[in-house]
Amino acid sequence: MKNSYDDILAKLYGILHEMLEEVPELDENTDLLMDLGLDSLAVMRLVEAVEDEFDLAIPLNILADVKTIKDFSQQLQKMIEGK
Amino acid sequence: MAFFDKLRPLAEARQHLADLGVDTIHVVMDEILSATEAVINGRRSILVGTNNYLGLTFDPACIEASCRAAREEGTGTTGSRMANGTLTGHVALEKELAAFYDQKEAIVFSTGFVANLGMLSSLRGRGDVILLDADCHASIYDGCRLSGADFVRFRHNDADHMDERLRRLGDRAANTLIVVEGIYSMFGDQAALKEIVAVKNKYGAFLMVDEAHSLGVLGAHGRGCAEEAGVENEVDFIVGTFSKSLAAIGGFCVSNHPELELIRYASRPYIFTASSSPSAIASTREALKIIQHRPELRQQLWENANQLYWGLQELGYALGPEPSPVISVRLKEAGKAFSCWRELLKEGVYTNLVLPPATPDGGSLLRCSVSAAHTSEQISRIIAAFATISR
């Protein structure tokens, strides 16, 4: 199934809502560490969930450029389009 | 942002530890009495956190070889393997390691950490993929970063999870380098190498096994986890360290791939580091002989490991999944781990305190590493100390 940027964003919001007990209002500029307080273990849980959702193997090195939900969605879009 | 702001969170964390009266980084061994005892804070203590698996740090033959090398060849090489730092001992040790593992090629590095950095950064590069077990050592993660390759992790010791990632990599799976450890340093569990090899073969990938904690510990000849699992011919690269069972410092890689020799020309951590001192190389060569000729040390190590594992389990402690020379007591709260660690030290038992984020599961550990040189009475005293602390 083709995933547009908006589809990816929506799925990412869904995963975060499922993963976190208390979720503030999410938007593209939500910072994964500063706003959601994800620690390294939580980030790895998020990566696994996203891998399963999009059938990807996500390299950890791309996370160095990921700060916000928008950054992550854009990286995912690149990976999905490159498949 | 001020120049040192990056370090501010560490300063705060250190202050928090100091307020609790804990300073694990600055534990000083005032006097080393033997492979298993030291004086710490003026107290005679049993060492059960030193990775000295075969207890060879005070072996007379190793000490004599080390002293002789220092007298005859000096205290250091003062140069890289690529320049003036290759002495006859370095070459001899490479041949002896290749013969020990029955592999065609061997390279000696300056430390085990450098061996991982040197191998991973040279074997793979931008556009390649490295697949690593989530619980791999920091040197493996750093080697992946240095390589510039895409690195993907799979769930610890889960061959099915690894299989799933390889499937998703599609055409890239065939040249993927998989990296696992023989025995994992935090919980002491062994790699599921048979299952991992089966998946590796399914995709035509390559496999590196870090035997840092399993050399001298596993296998009929002490070659490690790959020997124990009967898959030595299926492993492409074995890396390891001289700083645990071999009781010195240094690292190595052995392989049947003739291309290993080319790593000497490609690996910056090999080229731009001074080589191991003659004394470290000489004692390592002696220790390697001992691993081959004294299998009873391995047997003693496992007897001691079983005694401690089952003794701690009987006390109700949460431990790793199987008896192993690495036995970690798992505690949920860091504060409780601090106080237990401190109480143990007061009881004359030195363990390693391991705190998040260095732990795989976010919990805290009192990590024990057993030695063949521990006596049964020492192990009993360690268990008795664990029985007295308030957890």
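Any read-out appearing in this document is the output of simple, stated calculations on the displayed coordinates, not a laboratory observation. Computed from a predicted structure; not experimentally measured. FYI the Cβ positions are ideal-geometry reconstructions off the backbone, even for glycines, and counts take in every protein chain you see.
Annotations for the structure displayed:
- Residue list for region B:178-225, restricted to those being among the β-branched types (V, I, T) and not in a strand (DSSP E or B): B:I196, B:V197, B:V199, B:V217
- Residue within region B:281-288 that is among the acidic types (D, E), over 16 Å from B:S376 (Cβ atoms) and not in a loop (DSSP other than H, G, I, E, B) present: yes
- Tally, over region B:145-161, of residues that are within 10 Å of chain A (Cβ to nearest Cβ), outside any strand (DSSP E or B) and hydrophobic (A, V, I, L, M, F, W, C): 1
A quick yes/no check of all residues on (1) touching a Cys at 6+ places or on another chain (Cβ under 6 Å); (2) assigned to a helix (DSSP H, G or I); (3) buried (at least 23 other Cβ atoms within 10 Å of the Cβ); (4) not hydroxyl-bearing (S, T, Y):
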residue	(1), (2), (3), (4)
B:G316	no, no, no, yes
B:K336	no, yes, no, yes
B:A358	no, no, no, yes
B:L365	no, no, yes, yes
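- Yes/no for B:A115 being away from chain A (no Cβ under 14 Å) and out of contact with any Gly (no Cβ under 6 Å at 6 or more places or on another chain): no
- Among the residues making up region B:338-349, those that are of a type outside the set (G, A, S) and part of a helix (DSSP H, G or I) are B:F338, B:C340, B:W341, B:R342, B:E343, B:L344, B:L345, B:K346.
- From the options A:V43, A:V47, residue that is surrounded by 17 or more Cβ atoms within 10 Å (Cβ to Cβ) and under 12 Å from the mean Cα position of the chain (by Cα): A:V47
- With respect to the conditions (1) touching a Ser or Thr at 6+ places or on another chain (Cβ under 7 Å); (2) away from every other protein chain (no Cβ under 14 Å); (3) outside any helix (DSSP H, G or I), B:S122 falls short on a single one, namely (3).
- Of all residues in region B:173-200 being buried (at least 18 other Cβ atoms within 10 Å of the Cβ) and more than 22 Å from the chain's Cα centre (by Cα), the one that is farthest from the other protein chains (Cβ to nearest Cβ): B:K200
- With respect to the conditions (1) in contact with a helix residue (DSSP H, G or I) (Cβ under 9 Å, 6 or more places away or on another chain); (2) within 20 Å of B:V180 (Cβ to Cβ); (3) outside any strand (DSSP E or B), B:R264 falls short on a single one, namely (2).
- Cβ-Cβ contacts under 6 Å between residues 6 or more apart (or on different chains), taken from a first residue in region A:38-63 that is at the interface with another protein chain (Cβ under 7 Å from one of its Cβ atoms) to a second residue that is among the small types (G, A, S) and surrounded by fewer than 16 Cβ atoms within 10 Å (Cβ to Cβ), are listed as A:L41/B:G362.
- Residue selected from region B:128-144 under the condition small (G, A, S) and more than 11 Å from every other protein chain (Cβ to nearest Cβ), by the criterion farthest from B:I183 (Cα to Cα): B:G143
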